[in-house]
Each structure stands twice: as C-alpha cells, then as structure tokens.
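Heads up, the thing below is written out as structure tokens.
Just so you know, all these numbers are worked out from the coordinates, no wet-lab data involved. All of these numbers come straight from a predicted model, not from anything done at the bench. Counting neighbours? That spans all protein chains shown, and the Cβs are built from the backbone with ideal geometry, glycine included.
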Amino acid sequence: MHRDGLPIAHGPGTSAYVTVNIRRTEWRGVLARLRCSPAGLERIVLAGGGRA
C-alpha cells in the first residue's frame, strides 16, 4: 500500500469477476460510484440477466 492508502501495482495484472444483485433502477448510481473508485479499475462491465 502507498502511504495515501491506495494499492501499488506490482507484477502482472489481475482480473476479477464480481457478481452482485442490484435493483434495476439503481444500476446508474452503482456504475457512477465504480467509475469514481480509487481502486484503479480499468474496465467495468455491467451485464443484465433475469431470474428464471
């Protein structure tokens, strides 16, 4: 960790897929918060899918 609390990149990149359930009307707010995240996110993908 850097002294400002942000992670420091070392070595090869890492990918992660994270699954969450959000209300259909809230996805824009979730996306906005992810875009402002200091976590160093390079790509953000939101995919929709219904429950059977």
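For the chain, the Cβ-based charge dipole about the Cα centre amounts to some 280 debye (Lys, Arg positive; Asp, Glu negative; other atoms uncharged). Each residue, C36 and Y17, gets one label point 7 Å from its Cα in the Cβ direction; the gap between the two is 2.9 nm. For the range 18-52, the residues whose backbone nitrogen is under 20 Å from a point 7 Å from the Cα of H10, taken along Cα to Cβ, are 39-41.
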